[in-house]
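S.K.: Here it is, the structure in full.
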Amino acid sequence: MGLTHRLGGPTLRRRTILSAGLAATVLALPRLAGRPAAAADGPALRLHAKPGQAGLLPSADGGPTRIWGYDGLVPGPIVRARKGDIVDVELENGLDQPTTIHWHGVRIDNAMDGVPHLTQAPVAPGERFRYRFAVPDAGTFWYHPHHASWEQVARGLYGLLIVDEDDAPDVDREILFVADDWRLDADGRIDEGSFGGMHDWAHAGRLGNVLTINGQPPQQLSVRPNERLRLRMANTANARVFSFTLDGLAAWTVAVDGQPVPPAPTGRVVLAPGQRVDLVVDAPPAVGEAAIAEATGTPFTALGFRVEGEPIRPDPRSTPQALAANPLPAALDLAQAVQVDVVMEGGAMGMGPLRGSMGMHPHGPMPPVPDWGALAPRGLVWALNGVAGHPDAPLVTAMRGQTVVLHFVNATRWPHAMHLHGHHARVVARDGQEVAPEPWRDTHLVDPMQVASAAFVADNPGDWMLHCHMLEHQAGGMETWFRVTG
Ligand code: C2O
Ligand code: CU
């Protein structure tokens, strides 16, 4: 099977990667950083944000590529803990610009959320910041900067935060699948000239032209017939919504954005930026090949499976057990909920009056029409409720324990990955029609001209960001914040 990992994008290069030389490579896991210790004087882990090098391309095709990474690696070291542990990490900033770490998806203590100017001062070059927080939920999470993330994440600053269940599910092996797209030039260098390009900001965001899984070109994994894997998938790309198809594999979704769901068979995984999905994947009963393909364009292999050797067990296994529940807040109180519109506007082909074509009438008064003529020259091309960029006042102030429904009204021509900090929400209505509650997520993909109503219990006090995780959209104005008192 030929492997290519070209992706469509504004600067697509005609680069063809053949599988020769990769066939024998086993998918390497990024190294473990070690587990957080219990009580210690110093931090249990250190993450040093600094320049490094990574083999994003097969060596025959160029590189290594100069990146920025935690400890100079991409992905950065895995931060691994058990449910309820204290994670204790000291960030050292070896970059020439400020940075922070945000622990994406963790229902964290607000002071440790890593948002510059909202929850902490940015960490200046040469300085350190110690993050110390409890992890209430088991699941697959990730960490990344929240300062100039459109550049820092694109250069490679990200890593997985894995919180283990008390009872680990019964699988033969765990495989990480951290998908990213990079915009590389013909020499395999990060295309720096296009950082901050307004075309990207007003359209889909910065799309790359090279796919990596775990910071490497697509690999082949050797598995035995009937082997059961747990796959932790994450999308760390700035803007690309990946679509992965599972070819020749039996798979069940067992968690979404870290939160367990009843195991459901699946053949396709859509991952918006910031999202994660945990799968249980069974290799086929006979020797042969299988694959996970990236399928937003012409499908190509993102992870190949070579099924070989003696079967690990005589028969295929049945549906996996559900993961143990996380301690999410008690039931939503939809009858008493605070209803909040989040009217999303702007972007190319969207600065006209798209709001008038939306099916659902918003709950509050229509926000003022943004003055795009004045905003766009300042790089502000997206707005939430008529405001482009960080507003002075919170979107909503909720009392601790109150149920909040966010009505995401996407009056734009683009999908957006709406991420809320410190909480997980579930969609309870679409286009104004009640739906069976969807999985709890921290990042919700809202399609163009759709309304998605996501409900959560505001149980975590503090000031929290709410923004699009297409990082150019966030930087281009699609961000706000909310307050939980008490
Ligand atoms: Cu993963 Cu506010 O970000
Ligand atoms: Cu967006």
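The values are calculated or read from the model by the stated rules, or taken from the named source; none is laboratory data. Keep in mind it's a predicted model, so treat the numbers as computed, not measured. Using ideal geometry, Cβ is built from the backbone for each residue, glycine included, and neighbour counts are taken over all protein chains shown.
S.K.: Is it fair to say residue 161 is more than 16 Å from ligand 1 (Cβ to nearest atom), outside any loop (DSSP other than H, G, I, E, B) and out of contact with any Cys (no Cβ under 8 Å at 6 or more places or on another chain)?
M.R.: Details: more than 16 Å from ligand 1 (Cβ to nearest atom): no; outside any loop (DSSP other than H, G, I, E, B): yes; out of contact with any Cys (no Cβ under 8 Å at 6 or more places or on another chain): yes.
Considered against the rule, which asks whether it is more than 16 Å from ligand 1 (Cβ to nearest atom), outside any loop (DSSP other than H, G, I, E, B) and out of contact with any Cys (no Cβ under 8 Å at 6 or more places or on another chain), residue 161 comes out as no.
S.K.: If we scan region 184-196, do we find a residue that is more than 16 Å from ligand 1 (Cβ to nearest atom) and in the same structural domain as residue 67 (by TED's automatic domain parsing)?
M.R.: Step one: of region 184-196, the residues more than 16 Å from ligand 1 (Cβ to nearest atom) are 184-196.
Now restrict to residues that are in the same structural domain as residue 67 (by TED's automatic domain parsing): none.
No.
S.K.: Quick one: is residue 139 within 19 Å of the chain's Cα centre (by Cα), within 9 Å of ligand 1 (Cβ to nearest atom), in contact (Cβ under 8 Å) with a residue 24 or more places away in the chain and surrounded by 22 or more Cβ atoms within 10 Å (Cβ to Cβ)?
M.R.: Working: within 19 Å of the chain's Cα centre (by Cα): yes; within 9 Å of ligand 1 (Cβ to nearest atom): no; in contact (Cβ under 8 Å) with a residue 24 or more places away in the chain: yes; surrounded by 22 or more Cβ atoms within 10 Å (Cβ to Cβ): yes.
Here the answer is no, as residue 139 does not meet what is asked.
S.K.: Right, residue 118: within 15 Å of ligand 1 (Cβ to nearest atom), part of a strand (DSSP E or B) and among the hydrophobic types (A, V, I, L, M, F, W, C) or not? Full working, then the answer.
M.R.: Working: within 15 Å of ligand 1 (Cβ to nearest atom): yes; part of a strand (DSSP E or B): no; among the hydrophobic types (A, V, I, L, M, F, W, C): yes.
Spelling it out, it is not the case that residue 118 is within 15 Å of ligand 1 (Cβ to nearest atom), part of a strand (DSSP E or B) and among the hydrophobic types (A, V, I, L, M, F, W, C).
S.K.: Could you please find all residues in region 362-384 being part of a loop (DSSP other than H, G, I, E, B) and either farther than 30 Å from residue 433 by Cβ or not assigned by TED's automatic domain parsing to the domain that holds residue 340 (or both)? Let's see the steps before the verdict.
M.R.: From region 362-384, those part of a loop (DSSP other than H, G, I, E, B) are 362-371, 379-381; that's our starting set.
The answer is 371, 379, 380, 381.
S.K.: Right, here's the next one. How many residues does region 377-406 contain that are within 16 Å of ligand 2 (Cβ to nearest atom) and over 27 Å from the mean Cα position of the chain (by Cα)?
M.R.: Looking only at that region, the number is 0.
S.K.: For region 222-236, what are the residues that are buried (at least 22 other Cβ atoms within 10 Å of the Cβ) and in contact with a Gly (Cβ under 7 Å, 6 or more places away or on another chain)?
M.R.: 235 - this is the single residue of region 222-236 that is buried (at least 22 other Cβ atoms within 10 Å of the Cβ) and in contact with a Gly (Cβ under 7 Å, 6 or more places away or on another chain).
S.K.: Hey, another quick one. So, in region 452-485, how many residues would count as being charged (D, E, K, R) and within 12 Å of ligand 2 (Cβ to nearest atom)?
M.R.: Step one: of region 452-485, the residues charged (D, E, K, R) are 459, 463, 472, 479, 483.
Now narrow it down to the ones that are within 12 Å of ligand 2 (Cβ to nearest atom): 472, 479.
Residues that pass the stated criteria total 2.
S.K.: When region 447-474 is examined, which residues are found to be away from ligand 1 (no atom under 16 Å from the Cβ) and closer than 28 Å to residue 350 by Cα?
M.R.: Residues satisfying the conditions are 447, 448, 449, 450, 451, 452, 453, 455.
S.K.: What tally of residues in region 308-362 results from selecting those that are in contact (Cβ under 8 Å) with a residue 12 or more places away in the chain and of a type in the set (Ser, Thr, Tyr)?
M.R.: So the count comes out to 2.
S.K.: For residue 307, state whether it is over 23 Å from the mean Cα position of the chain (by Cα), under 27 Å from residue 242 (Cβ atoms) and buried (at least 16 other Cβ atoms within 10 Å of the Cβ). If you could, list the steps in order and put the result at the bottom.
M.R.: Details: over 23 Å from the mean Cα position of the chain (by Cα): yes; under 27 Å from residue 242 (Cβ atoms): yes; buried (at least 16 other Cβ atoms within 10 Å of the Cβ): yes.
So residue 307 passes the test.
S.K.: Would you check if there is a residue in region 388-409 being within 16 Å of ligand 1 (Cβ to nearest atom), assigned to a loop (DSSP other than H, G, I, E, B) and under 30 Å from residue 325 (Cβ atoms)?
M.R.: Keep residues of region 388-409 that are within 16 Å of ligand 1 (Cβ to nearest atom), which gives 389-391, 394-395, 406, 408.
Checking which are assigned to a loop (DSSP other than H, G, I, E, B) leaves us with 389-391, 394-395.
Next, only the ones that are under 30 Å from residue 325 (Cβ atoms) stay: 395.
Scanning region 388-409, I find at least one residue that is within 16 Å of ligand 1 (Cβ to nearest atom), assigned to a loop (DSSP other than H, G, I, E, B) and under 30 Å from residue 325 (Cβ atoms), so the answer is yes.
S.K.: Looking at (1) within 13 Å of ligand 2 (Cβ to nearest atom); (2) touching a residue at least 40 places away in the same chain (Cβ under 8 Å), which is the one condition that is false for residue 447?
M.R.: Going through (1) within 13 Å of ligand 2 (Cβ to nearest atom); (2) touching a residue at least 40 places away in the same chain (Cβ under 8 Å) one by one, residue 447 breaks only (2).
S.K.: Of the residues in region 329-358, how many are under 18 Å from residue 397 (Cα atoms) and part of a strand (DSSP E or B)?
M.R.: 6
S.K.: Hey, can you tell me all the residues within region 410-427 that are under 17 Å from residue 453 (Cβ atoms), of a type outside the set (A, V, I, L, M, F, W, C) and within 16 Å of ligand 1 (Cβ to nearest atom)? Lay out the reasoning, then the answer.
M.R.: Taking region 410-427 as the starting set, the residues that turn out to be under 17 Å from residue 453 (Cβ atoms) are 410-411, 415-420, 423-427.
The next check asks that each one be of a type outside the set (A, V, I, L, M, F, W, C); those that pass are 410, 415-416, 419, 423-424, 426.
Answer for region 410-427, where residues must be under 17 Å from residue 453 (Cβ atoms), of a type outside the set (A, V, I, L, M, F, W, C) and within 16 Å of ligand 1 (Cβ to nearest atom): 416, 419, 423, 424.
S.K.: Identify all residues within region 97-114 that are within 10 Å of ligand 1 (Cβ to nearest atom) and closer than 15 Å to residue 132 by Cα; write none if there are none. Walk me through how you get there before you give the answer.
M.R.: To start, the set of residues in region 97-114 that are within 10 Å of ligand 1 (Cβ to nearest atom) comprises 102-105, 113-114.
Of everything in region 97-114, those that are within 10 Å of ligand 1 (Cβ to nearest atom) and closer than 15 Å to residue 132 by Cα turn out to be 102, 103, 104, 113, 114.
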